[in-house]
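Working notes, structure below.
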Amino acid sequence: MFIELKNIIKTFGQGDSKTTAVNNVSFNIDQGEVVVLLGPSGSGKTTLLNIIGGIEIADSGSIKVADHQVDKMTDKNAVEYRREHLGYIFQSYNLIPNLTVRENIEIGAYLAKKPLNIDELIDDLGLTKHANKLPMYLSGGQQQRTAIGRAVAKNPDLLLCDEPTGALDSQTSKEILVLLEKVNKKYGTTILMVTHNELISQMASRVIRLKDGEIVLDQPNENIVAAEALELWETHFIRELKGSLYQILGNTWLSLYFSSLYVA
Ligand code: ADP
Ligand code: MG
């Protein structure tokens with residue numbers, strides 16, 4: 001077993017304001033799995049991811065990742081654990097603004113024991129043409145690609161993704177998901193991805209569903225859909241809706257409005 005969580009509990013606050021963010025959660029993940037952690041806002045997804053990432057400390061329970069007992073680590077060990085094993089991707093890209101795409105990615109490989117070849121990685125990310133640009137000159141999708149590059153450059157065993165497509169339109173979301181799938185296939189990286197989007201869970205090899213901090217479902221996915229073939233609802237639904245609205249209204253304001261929505 002690569003990840004082993006047993007009876008994890010995490011509360012915030014005290015007395016009347018006490019919140020149980022994670023309530024007695026146990027699950028295991030094998031190496032190479034793509035697991036989607038699904039649940040509505042406030043269900044404890046980020047807290048759980050941060051506990052696995054050694055950023056947040058659980059009140060009780062045990063957590064083991066590779067051969068590290070994460071719940072008993074000192075700060076120094078936690079830094080080494082994260083450096084050696086983990087890549088982290090967030091909804092916000094958190095790139096360093098005064099470094100280029102290449103430099104942002106190189107930072108991820110800094111001090112790594114077995115870093116990837118940066119040129120090949122930049123090529124895989126489709127960023128070769130943009131390698132010398134600063135983040136402010138990139139689209140949202142290109143920034144998230146760079147953030148993936150930074151997380152993957154050290155060749156981590158585990159990639160923790162917290163709503164990685166949360167700020168992106170559906171087409172760009174799909175490109176990012178295709179890329180994560182490629183990382184999993186090419187490097188065997190285990191991926192744990194948090195999302196509230198049901199449709200994304202179709203690409204997972206396993207889906208764990210959270211509600212109010214508790215697991216309500218933990219099931220292998222029998223019908224894995226390739227990221228490329230995902231029908232993210234926005235693509236389908238908004239396209240239909242746009243089509244109808246154009247037919248009815250057909251004015252330029254509407255097209256200006258919609259194009260403004262997709263400028264990242
Ligand atoms: P999700 O990522 O699923 O939206 P979170 O893990 O962020 O959920 O939050 C789960 C619950 O824990 C929420 O009720 C949230 O308000 C609470 N919570 C999370 N972090 C903190 C914190 N640092 N202090 C107090 N409450 C928190
Ligand atoms: Mg969250």
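Kindly provide log₁₀ I(q)/I(0) values, in the same order as q = 0.08, 0.11, 0.14 Å⁻¹, from the Debye equation applied to equal alpha-carbon scatterers of region 3-224. Log-scaled intensity ratios, in q order: -0.28, -0.53, -0.86.
For the chain, what is the mean residue ellipticity at 222 nm derived from helices alone (per DSSP H run of n ≥ 4: -39500 (n - 2.57); sum divided by total residues; nearest 500 deg cm²/dmol)? Value at 222 nm, helices only: -10000 deg cm²/dmol.
In the elastic network of the chain, a GNM with C-alpha springs shorter than 10 Å, the most mobile of MET203, MET193, MET73 is MET73.
Checking the cross-link pairs LYS129/LYS174; LYS114/LYS182; LYS18/LYS45; LYS76/LYS154; LYS154/LYS211; LYS6/LYS211 against a 23 Å limit on the alpha carbon distance flags LYS154/LYS211 as lying beyond it.
Taking THR20, THR172, THR190 in turn, the Gaussian network model of the chain (Cα-Cα springs below 10 Å) assigns the largest fluctuation to THR20. When the charge dipole of region 3-224 is built from unit charges on Cβ atoms (+1 for Lys and Arg, -1 for Asp and Glu) and taken about the Cα centre, the candidate among GLN69, TYR110, LEU168 whose Cα reaches farthest toward its positive end is TYR110.
Distant-in-sequence amide contacts of TYR93, defined by a placed amide H-H separation under 5 Å and a gap of 5 or more residues or a different chain, comprise nothing.
Put simply, when 206-212, 155-161 are sorted by average Cβ atoms within 10 angstrom per residue, most first, you get 155-161, 206-212.
Over all other residues within a Cβ to Cβ distance under 13 Å of PHE90, the charged ones net out to 0, with Lys and Arg as +1 and Asp and Glu as -1.
The numbers here are math on the coordinates, done by the rules we state, and not lab data. All figures in this text were calculated on a predicted structure; none of them were measured in a lab. Glycine gets a Cβ as well: all are built from the backbone with ideal geometry, and neighbour counts include every protein chain shown.
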